[in-house]
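J.: Have a look at the structure that comes next, please.
No value in this document is a laboratory result; all are computed from the given coordinates. Because the structure is a prediction, the values reported are computed rather than measured. Positions of Cβ are backbone-derived with ideal geometry, glycine not excepted, and every protein chain shown enters the neighbour counts.
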Amino acid sequence: MLAALNIDFPYVTTFISALLAFALGMIWYHPKVMGKTWMEARGKNMSDMKTTSFPFVLTFLLWMLAAVFYSFMVQFHSINTPPGLFCLSSLLWVAFAMPPTVMGALYTGYPFQAVAVDSAYQLAGYYVFAIVQVAMNYNYV
């Protein structure tokens, strides 16, 4: 189908985008960065957190899915400038990531401070996508 649309899909850029957005989460939710604030907002502590591989695997796969759609949108809409890429990141977050996160919190009672940490991470992940696209497409690497 992509060939019919005359799109040369950037597989490597997409994978690197997903990997770096996932890695950002490892840093973002570290207790010395935003993790302690996030846990306190949720009324949790480190002993409450059960560490299994499932959330990490699923999180990477979800970032991969987001990166695939981001790359597709970049290619399909011929977004080829750094401002355009950062605009796409911001618009996707404002339209599709932040509203469901906030709405879900309204109905579940999820604390606003935790919502802010989660939502800001989503935006940062989209900005990672833009940075990787710029770096890979403009030979800054």
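J.: Please work out, to two decimal places, the log10 of the ratio I(q)/I(0) at q = 0.09, 0.12, 0.19 Å⁻¹ from a Debye calculation in which every Cα of the chain carries one identical scatterer.
T.: Values returned for q = 0.09, 0.12, 0.19 Å⁻¹ are -0.31, -0.54, -1.15.
J.: On to the next question. Just subtract the alpha-carbon distance of K44 and T59 from 0.36 nm times their residue separation and send over the number in nm, one decimal.
T.: Values: separation 15, 0.36 × 15 = 5.40 nm, distance 2.05 nm.
Between K44 and T59, full extension yields 3.4 nm more.
J.: Relative to the longest principal axis of the C-alpha atoms of the chain, give the angle of the C-alpha long axis of helix 54-76, reported between 0 and 90° and rounded to the nearest 10°.
T.: The angle comes out at about 30 degrees.
J.: Report the far tail of the P(r) of the stretch 6-83, meaning the percent of Cα-Cα pairs longer than 22 Å. Provide the component values of the computation, followed by the final result.
T.: Details: 1226 of 3003 pairs.
Looking at the stretch 6-83, the distances longer than 22 Å represent 41 percent of pairs.
J.: Let me ask something else. Got a sec to turn the phi values of the stretch 25-30 into Karplus ³J(HN,Hα) couplings, 6.51 cos²θ - 1.76 cosθ + 1.60 with θ = phi - 60°, whole Hz, x for Gly and Pro?
T.: x, 5, 7, 3, 8, 5
J.: Relative to the longest principal axis of the chain, what angle (0 to 90°, nearest 10) does the C-alpha long axis of helix 82-92 take?
T.: Long axis of 82-92 versus the principal axis of the chain: about 50 degrees.
J.: Relative to the longest principal axis of the C-alpha atoms of the chain, give the angle of the C-alpha long axis of helix 98-108, reported between 0 and 90° and rounded to the nearest 10°.
T.: 30 degrees
J.: Which residues among the stretch 113-134 fall inside the zone where the amide N is under 16 Å from a point 7 Å beyond the Cα of V12, along Cα→Cβ?
T.: Within reach of a label on V12, which here means backbone N under 16 Å from a point 7 Å along Cα→Cβ, the stretch 113-134 contributes 132-134.
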